[in-house]
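A.B. asks: Pasting a structure here, questions to come.
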Amino acid sequence: NRAWSGSRPIPRSMLAVLSATSLAPSRSRSVTVQSSPWPERPGGGRLHSWLAATIDDESAQDVGHCGLEILSCGPDGLLGGGERWPYIRPRAILSGTLTVSPKYRRQGVAQRLLTEAERKARWLGVDEMLLMVNQKNAAALKLYTKLGYAPKPVLAEHGGQVCMSKHLYYPTVHNQRSMLPLRRLEVTAA
């Protein structure tokens, strides 16, 4: 008690510093990814899923989402015949944009959504995931490359998009991690 005798209240300026550091009480909240049928799937695939990341509290705030479809397509992500015909088979397509709310970016939400999409694709019985990303979206290209996706040759049919692919059963570090139980994801609003 002697140490606290004569103590004074903490100045507001110091409280501001403390609230910006890890010494302050945590304001982080848990995120859960839920899967549901996707009513507005763009490719019309028979097997599909809508993945939504939400805050685990009474608000159930949407922090990110993406769609997954299983479509018969070539390794370049294109549908159709011609010289591609022998290579057309069911593949998982990350369809629709993988989106994360700006105040929750760079906290692992996009990685969690993509990992859950890969798990769902494996569960639906496919071994390859394809996605399209804008050539000018450097942040997305960096994320997908970090998670093991490799770019395919750019075709005129892709427009301004890059097709990236990943084999879901190759023994890579990310594939092994994505098959393990997931740890709890904590985020804070920026």
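A.B. asks: Could you give the alpha-carbon Rg of region 125-190 over 2.2 N^0.38 Å, rounded to two decimals? It would help to have the intermediate numbers written out before the result.
C.D. replies: Details: Rg = 14.3 Å, N = 66, 2.2 N^0.38 = 10.8 Å.
Dividing the Cα radius of gyration by 2.2 N^0.38 Å gives 1.32.
A.B. asks: Search the structure for amide H atoms under 5 Å from the amide H of SER95, placed 1.01 Å from N in the peptide plane, and list their residues when 5 or more places away or on another chain.
C.D. replies: Answer set, sorted by chain and number: GLY67, LEU68, GLU69.
A.B. asks: Once the cut-off is 23 Å, how many percent of the Cα-Cα pairs in region 77-167 end up in the long-distance tail?
C.D. replies: Values: 1026 of 4095 pairs.
Considering region 77-167, 25 percent of its Cα-Cα pairs are separated by more than 23 Å.
A.B. asks: What distance in nm separates the simple spin-label points at ARG46 and ASP62, each placed 7 Å from Cα in the Cβ direction?
C.D. replies: Inter-label distance under the simple model: 2.9 nm.
A.B. asks: Apply the Karplus curve 6.51 cos²θ - 1.76 cosθ + 1.60, θ = phi - 60°, to the phi angles in region 161-178 and return the couplings in whole Hz, x for Gly and Pro.
C.D. replies: Couplings: 9, 10, 8, 10, 9, 8, 7, 7, 10, 5, x, 9, 4, 5, 4, 5, 5, 6 Hz.
Every read-out reported here was derived from the displayed coordinates using simple, explicitly stated rules and does not represent laboratory data. It should be emphasised that the depicted structure is a prediction, and the values quoted were computed from it without experimental measurement. So basically every Cβ, Gly included, is an ideal-geometry build from the backbone, and we count neighbours across all protein chains shown.
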